[in-house]
Amino acid sequence: MGLLRRRQSPAVARNDRKFVGRTEPPHGLQVVAAKGSRVRDVRGRTFIDFQMGWCVGNLGWNPPEILSRVQAFKGPCYVAPSDTYEPWSELAHRLTKIAPGNLERAYRCVGGSEAVELALQLAISFTGRHKLISLEDAYHGNTIGARNVGSRDVDVRLPGMKKLAQPLDEQALSRLERLLAPRDVAALIMEPIAMNLNVLIPDTAFMRRLVELCHRYGTLMIADEVACGFGRTGKLFASEHYVLEPDLMCVAKALGGGVAPIASTLATAEIADKIQDSDYEFYSTFGWMPLATEAALATLDVWESRGDEILDNTAERSNQLRRNLEAIFPDAELHVMGVAIALELGDEERVQQIERRCRDRGLIVVPEEDALMMLPACTIDERTVHEALGILESAAR
């Protein structure tokens, strides 16, 4: 860690400690530039980025199509939530058009936590129930509601939270049904591919019956696609792997193309119409700022024009990574879905050691307790992946 901190300017490190609020000290680089799958630090050294802002930079950093559109933007800086703005209507329509199932309304949010919080509130308001189900040890954001449906480590515990334990196989349906049976659960929330559980991939038998089982007991299904959406798992949305049709869906992170923060909660017309006629109110001061909306529209343009090409590349790079990682780490448990990759080594100290060695050699990976997460861009090229694998192999020795 000392070596990493020496890469930062002493003045920057000192001012960060003095003025920037954090819950833990920084351990990364002092980044001054980024392009494609690489970032550059203050000393001019470049690093292959296998973190990409934890699924923000799915199209690579500074994507030219998105950046140029934002730089050329001539519209208003701000539009009040009570006003109308044509690009909002366009973005909402395009999101609902590409979303799975019957999601027909898109609410304006700033980030993933807000989108999840809104989805939970919509479910509670729509059903009149106050209990929620999530996967044990999951993560869904940093607001009080999102933290309660996330991990157990939360300072303020809300009543009525239920947890579904792994594994998520066909037998899990009976465990879920017992939680649903009292008919007091507003919603079940989960990532269709659980990124925050080391790329947990549920069994198809479980996922194919999930929504029907929830609806049998009057419970809504919320798909959290904040991290696993927009190509990360090899489909535009992870829900597509299972033909999943959620009642509510949360998107964020890669929606802004890594250029601007923007998020949305998508809902069926049935939910949205009932909510609009109720006493429930939602207000986002900075939801869908005009510049962020422009970035999101440009991001959707990229997916519309080059989506098949990007997903084909994702599949090829996924196979390249899987094949080589199996050879480099034959004793590890490897979870791969698209370019969502978790390498479970079962040894937290070894994970930290490999992460440090990788960074010293020019590769950024993500240590998660006893696992290494690798989240390269969907647009990364074969040569860069080959270079990164060489670094990983030398770091593992």
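Return the residue satisfying two criteria in turn: it lies in the stretch 155-181 and is of a type outside the set (Ser, Thr, Tyr) and without any contact (Cβ under 8 Å) to a residue 12 or more places away in the chain, and of such residues it is nearest to Asn142 (Cα to Cα).
Asp155
Could you list, in sequence order, all residues of the stretch 181-196 that are among the aliphatic types (A, V, I, L, M) and either surrounded by fewer than 22 Cβ atoms within 10 Å (Cβ to Cβ) or in a loop (DSSP other than H, G, I, E, B) (or both)?
Ala181, Ile193
Looking at the structure I just gave you, is Lys18 farther than 30 Å from Glu245 by Cβ, at pLDDT below 95 and of a type in the set (D, E, K, R)?
The answer is yes for Lys18.
Run down Ser113, Ser125, Ser134 and say which single residue is within 20 Å of the chain's Cα centre (by Cα), farther than 19 Å from Val199 by Cα, among the small types (Gly, Ala, Ser) and modelled with pLDDT of 95 or more.
That would be Ser113, the only listed residue that is within 20 Å of the chain's Cα centre (by Cα), farther than 19 Å from Val199 by Cα, among the small types (Gly, Ala, Ser) and modelled with pLDDT of 95 or more.
Pairs only if they're at least six apart or on different chains, beta carbon under 9 angstrom, first in the stretch 99-127 and closer than 14 Å to Glu225 by Cβ, second of a type in the set (Phe, Trp, Tyr) and part of a helix (DSSP H, G or I); list them, first residue then second.
Taking only residues 6 or more apart or on different chains, the pairs are Ala106/Trp88.
Could you check how many residues of the stretch 238-255 are surrounded by 24 or more Cβ atoms within 10 Å (Cβ to Cβ) and not in a strand (DSSP E or B)?
8
Only one of Glu304, Glu281, Glu326 is closer than 21 Å to Gly229 by Cβ and without any contact (Cβ under 8 Å) to a residue 40 or more places away in the chain. Can you tell me which?
Step by step, each of Glu304, Glu281, Glu326 is checked, and only Glu304 is closer than 21 Å to Gly229 by Cβ and without any contact (Cβ under 8 Å) to a residue 40 or more places away in the chain.
Let me spell it out: the conditions are (1) surrounded by fewer than 23 Cβ atoms within 10 Å (Cβ to Cβ); (2) within 30 Å of Glu65 (Cα to Cα); (3) aromatic (Phe, Trp, Tyr), and Phe206 meets all of them except one. Which number is the exception?
(2)
Does the stretch 267-278 include one or more residues that are among the hydrophobic types (A, V, I, L, M, F, W, C) and within 21 Å of Asn142 (Cβ to Cβ)?
No: the stretch 267-278 contains no residue that is among the hydrophobic types (A, V, I, L, M, F, W, C) and within 21 Å of Asn142 (Cβ to Cβ).
Please determine, by comparing only the residues of the stretch 22-37 that are outside any loop (DSSP other than H, G, I, E, B) and without any contact (Cβ under 8 Å) to a residue 12 or more places away in the chain, which one is surrounded by the most Cβ atoms within 10 Å (Cβ to Cβ).
Step one: list which residues in the stretch 22-37 are outside any loop (DSSP other than H, G, I, E, B), which gives 31-36.
Still in the running and without any contact (Cβ under 8 Å) to a residue 12 or more places away in the chain: 31-33.
Working: Val31: 15, Val32: 11, Ala33: 13.
The qualifying residue surrounded by the most Cβ atoms within 10 Å (Cβ to Cβ) is Val31.
I'm told Gly218 meets every condition in (1) surrounded by fewer than 21 Cβ atoms within 10 Å (Cβ to Cβ); (2) more than 30 Å from Val185 (Cα to Cα); (3) in contact with a helix residue (DSSP H, G or I) (Cβ under 8 Å, 6 or more places away or on another chain); (4) among the small types (Gly, Ala, Ser) except one. Can you identify the failing condition by its number?
(2)
Pull out all pairs, ordered by first then second residue, where Cβ-Cβ is under 8 Å, the residues are six or more apart or on different chains, the first lies in the stretch 199-218 and is assigned to a loop (DSSP other than H, G, I, E, B), and the second is buried (at least 18 other Cβ atoms within 10 Å of the Cβ) and of a type in the set (S, T, N, Q).
Gly218/Thr127
If a residue has to be modelled with pLDDT under 95 and charged (D, E, K, R) to count, how many in the stretch 275-312 make the cut?
Residues meeting the conditions: 3.
Return yes when Leu91 is more than 19 Å from Phe286 (Cα to Cα), hydrophobic (A, V, I, L, M, F, W, C) and in contact (Cβ under 8 Å) with a residue 40 or more places away in the chain and no when it is not.
Numbers: more than 19 Å from Phe286 (Cα to Cα): no; hydrophobic (A, V, I, L, M, F, W, C): yes; in contact (Cβ under 8 Å) with a residue 40 or more places away in the chain: yes.
No, not satisfied.
Considering only residues that are more than 27 Å from Pro202 (Cα to Cα) and of a type in the set (S, T, N, Q), which ones fall in the stretch 337-396?
Result: Gln352, Gln353, Thr384, Ser394.
Name the residues in the stretch 200-237 that are of a type outside the set (A, V, I, L, M, F, W, C) and more than 15 Å from the chain's Cα centre (by Cα), would you?
Here is the first cut: in the stretch 200-237, the residues of a type outside the set (A, V, I, L, M, F, W, C) are 202-204, 208-209, 212, 215-219, 224-225, 229, 231-235.
Residues satisfying the conditions are Pro202, Asp203, Thr204, Arg208, Arg209, Glu212, His215, Arg216, Tyr217, Gly218, Thr219.
How many residues are under 30 Å from Asn148 (Cα atoms) and of a type in the set (Asp, Glu) if we restrict to the stretch 59-114?
Residues that pass the stated criteria total 2.
The values are calculated or read from the model by the stated rules, or taken from the named source; none is laboratory data. What you see is a predicted model; the values in this text were computed from it and never measured. Note: ideal-geometry Cβ built from the backbone for every residue, glycine included; neighbour counts use all protein chains shown.
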